[in-house]
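See structure below.
The values are calculated or read from the model by the stated rules, or taken from the named source; none is laboratory data. Keep in mind the model is a prediction, meaning the values are calculated, not measured. Reconstructed Cβ throughout: ideal geometry from the backbone, glycine too, with neighbour counts over all protein chains shown. Side chains are part of the model used for accessible areas, which takes the heavy atoms of the whole protein and leaves out ligands, DNA and RNA. Shrake-Rupley method; radii C 1.70, N 1.55, O 1.52, S 1.80 Å.
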Amino acid sequence: MTEQPTRPAPDARPWPLGVEGIAYGGDYNPEQWPVATRVEDVELMQRAGVNLVSVGIFSWAMLEPREGELDWGWLDDVLDRLHAGGIRVALATATASPPPWLTRAHPEVLPELADGTVLWPGARQAYSVSSPVFREYAVRMTRRMAERYGSHPALALWHVDNELGCHVPHDFSDDAAAAFRRWLEHRYGTVEALDEAWGTAFWSQRYSTFDEVLPPRQVPGFANPTQQLDFARFSSDELLTHYRALRDVLREVTPHVPTTTNLMLSTGTKWMDYFSWADDLDVVANDHYVRAHDPEGHVELAFSADLSRGVADGRPWILMEHSTSAVNWQERNRAKGPGEMLRNSLAHVARGADAVMFFQWRQSRAGAEKFHSAMLPHAGTDTDVWRSTVRLGEVLRALAPVRGSEVRADVALCFDYPAWWAAELDSHPTQALRYTDEVMAWYRQLWLRGVTADVVRPGADLGAYRLVVVPVLYSVTDADAARIAAAARAGATVVVTYFSGIVDEHDHVRLGGYPGAFRELLGVRSEEIFPLLAAERVTLDDGTTADLWTEKTHLEGAVPVRTYADGVLAGLPAVTRNDVGQGSAWYVATRPDELGLARLVDELLGEAGVLPTVPAPPPGVEVVRRRRTAEAPDGAATGFLFVLNHTAEAVEVAATGTDLLTGAEARGSVHVPAHGVAVVQEA
Ligand code: GLA
């Protein structure tokens with residue numbers, strides 16, 4: 001195996017200025033409170049060990065109550081108080097929600113849905129990022145913020161807008177339509193090239209000028225799939241363009257201050273291609289909320305954190321928001337259980353976060369989020385939530401040595417936003433396929449075994465991985481397919497699942513048989529897809545079953561690993577393996593049941609020689625290692641073993657070193673109480 005590339009020393013990387021150790025804090029919305037409360041806030045932040053807060057995110061209307069009338073006094077006061085209290089500030093551009101005077105004067109900035117419904121003011125994010133008018137106002141506000149506070153001693157980081165695309169990932173307004181046409185002209189050059197890419201010979205869709213092209217607004221029947229895909233690409237790019245416009249102003253005025261925006265990297269956010277945003281963020285910041293209804297919500301959390309690290313290209317990242325307890329926007333908003341807030345926080349740290357932030361500091365008493373938990377709840381400081389807030393501050397101080405250390409994984413899980421969009425388009429062999437369910441089925445098996453994975457884009461450098469998992473990569477470019485094949489040739493075990501490699505980036509089928517781009521790598525050719533009906537299952541020759549998807553697959557160099565034991569495809573291969581160069585390439589042409597998938601994952605890990613972080617971690621216990629390499633500024637190579645006990649029983653886990661949370665020595669094993677956590681600095 002080749003060594004992972006050497007990265008710049010941790011302290012050379014952009015990071016919130018002046019923040020020591022692990023950053024700790026949350027969104028701070030002092031404009032909702034009287035001055036006396038703000039005084040108390042700083043005292044309580046100090047008590048909790050808070051060292052970074054995000055300020056001004058939704059402050060535009062309070063800073064500019066009427067066009068051109070600026071009221072800076074309250075924000076000056078807040079920043080001065082925070083500075084006096086030793087607390088650094090991630091200052092927002094204040095542009096995440098336009099003030100009412102703006103949308104009244106310029107209703108054309110409002111976004112529209114596919115059916116022409118206008119999204120009106122009265123909540124937040126009621127703007128179109130394609131609106132030149134809105135852009136001008138947002139840029140002006142950003143410049144004012146930068147000019148006023150660019151040299152404020154509390155300023156540590158710029159926070160552009162907020163969760164761009166959270167409520168309005170797609171805008172179908174006339175401004176968006178015009179921007180879409182410009183984007184298409186840039187992408188294709190000529191309308192003939194667009195016609196070719198969009199396959200407009202079908203259903204009389206041929207365009208003779210870009211002026212005829214629209215976003216995929218509400219249509220009769222199925223919209224052109226490539227038009228839908230390009231609109232998704234455009235919409236993600238358009239949000240990024242808006243970020244860049246504001247970021248460029250900040251860079252111009254305050255080149256020394258790093259800039260970010262908070263992403264939503266999880267299985268719940270589909271429409272922003274965050275891998276393509278990464279290069280524009282000085283530091284990656286993520287917001288994550290546990291799915292309260294999911295008993296394995298901590299597995300999805302781990303995936304989100306591994307994806308954040310993937311987008312950050314392995315560098316430490318900021319957990320910009322999560323919740324101390326319940327949120328307000330799920331069907332039933334479960335409060336967190338014993339130790340859950342600490343475990344959730346440290347699960348992010350274990351997987352590369354060097355900052356733990358919350359939405360929000362003080363629980364609101366008015367507005368739509370008043371039942372959303374916060375670091376300081378309605379009931380005040382005599383509460384378990386507040387005690388957890390204080391405890392977390394102590395824990396993060398004890399974890400200061402972890403800062404800048406890295407996670408190394410032997411497994412890459414390929415994740416691709418455009419492939420997600422394309423896989424879930426309509427008029428496919430089945431509508432029951434959910435991309436993230438397929439990804440999570442594989443991720444979960446790795447999690448259950450205590451194997452750490454990097455979640456990376458398929459075009460990433462896969463050279464350092466022993467196992468590369470490629471679930472449902474329906475659309476893939478030639479270049480990405482070549483990278484995956486190269487990983488197998490160089491010695492990795494590669495596993496590709498069904499409905500992969502089928503189309504190119506224009507959603508045109510790769511002819512000659514499925515799985516198109518991966519046929520040669522996998523040594524198979526499928527002639528026809530046989531989707532299964534809702535209750536239908538097939539049995540495989542090892543006695544396990546499969547559902548959703550089957551294919552009439554022929555071997556063209558590969559050997560069968562499993563075959564169908566019944567059904568119309570009885571006797572044909574369901575799982576195959578092909579020797580490729582120094583490695584191998586497996587094809588999983590159906591969706592195995594849990595036992596079937598578990599067995600396959602064991603075989604794949606065995607072949608690839610991938611071991612869990614510690615041998616056989618107890619069920620429900622998450623074990624992840626961060627490492628500080630010898631290139632780190634203090635020159636000391638060391639590991640930090642995070643052990644997170646998600647069960648109601650105490651456990652012993654193999655470890656040697658010092659538990660940074662208790663100071664206890666672990667000699668061969670560490671004791672972790674029910675619902676508890678240990679972080680062992682390894683000798
Ligand atoms: C998002 C937003 C916050 C807040 C939280 C609530 O993350 O960025 O402003 O609304 O959700 O969970």
Problem set entry | Burial order of peptide ranges 62-69, 457-464 (average beta-carbon count within 10 Å, highest first) | 457-464, 62-69
Exercise. Given 0.36 nm per residue, what is the gain on full extension from residue 426 to residue 195 after removing their alpha carbon distance, in nm?
Worked result: 81.1 nm
Seminar exercise, completed: Packing-ranked peptide list from 516-524, 345-353, highest mean Cβ count within 10 angstrom first, is 345-353, 516-524
Problem set entry | Computed [θ] at 222 nm, deg cm²/dmol, the chain (DSSP H ≥ 4; -39,500 (n - 2.57); rounded to nearest 500) | -9000 deg cm²/dmol
Problem set entry | Whole-angstrom gap from the stretch 38-73 to the stretch 563-609, using each part's C-alpha centre | 56 Å
Seminar exercise, completed: Inter-part gap, Cα centre of the stretch 165-205 to Cα centre of the stretch 377-423, in whole angstrom, is 38 Å
Exercise. Can you give the net charge of the other residues whose Cβ lies under 15 Å from the Cβ of residue 340, counting K and R as +1 and D and E as -1?
Worked result: +1
Exercise. Counting only DSSP beta bridges with both residues in the chain, what percent are antiparallel, rounded to the nearest 5?
Worked result: 55 percent
Exercise. Around residue 490, which amide H atoms from residues at least 5 apart in sequence, or from another chain, sit under 5 Å from its own amide H, with H modelled in the peptide plane?
Worked result: 582
Exercise. Taking the Cβ of residue 522 as the center, what net charge do the other residues with Cβ under 10 Å away carry, scoring Lys and Arg +1 and Asp and Glu -1?
Worked result: +1
Problem set entry | For the chain, size of Cβ-based charge dipole, Lys and Arg +1, Asp and Glu -1, in debye | 1300 debye
For this session: Enter the accessible area per residue of the chain (Å², integer; probe 1.4 Å; all protein chains in place).
Result: 38 Å²
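Can you tell me which of 395-405, 376-386 comes out highest on packing, and rank the rest after it, using the mean Cβ neighbours within 10 Å?
The most tightly packed comes first, giving 395-405, 376-386.
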Exercise. Distance from the Cα centre of the stretch 85-124 to that of the stretch 15-36, in angstrom?
Worked result: 22 Å
Exercise. If you project the alpha carbons of the chain onto the principal axes, what extent comes out on each, in Å, largest first?
Worked result: 76, 73, 45
Exercise. Counting only DSSP beta bridges with both residues in the stretch 411-608, what percent are antiparallel, rounded to the nearest 5?
Worked result: 60 percent
Exercise. Mind listing the phi-derived Karplus ³J(HN,Hα) values for the stretch 167-172, rounded to whole Hz, using 6.51, -1.76 and 1.60 with θ = phi - 60°, and x for any glycine or proline?
Worked result: 9, 10, x, 10, 10, 10
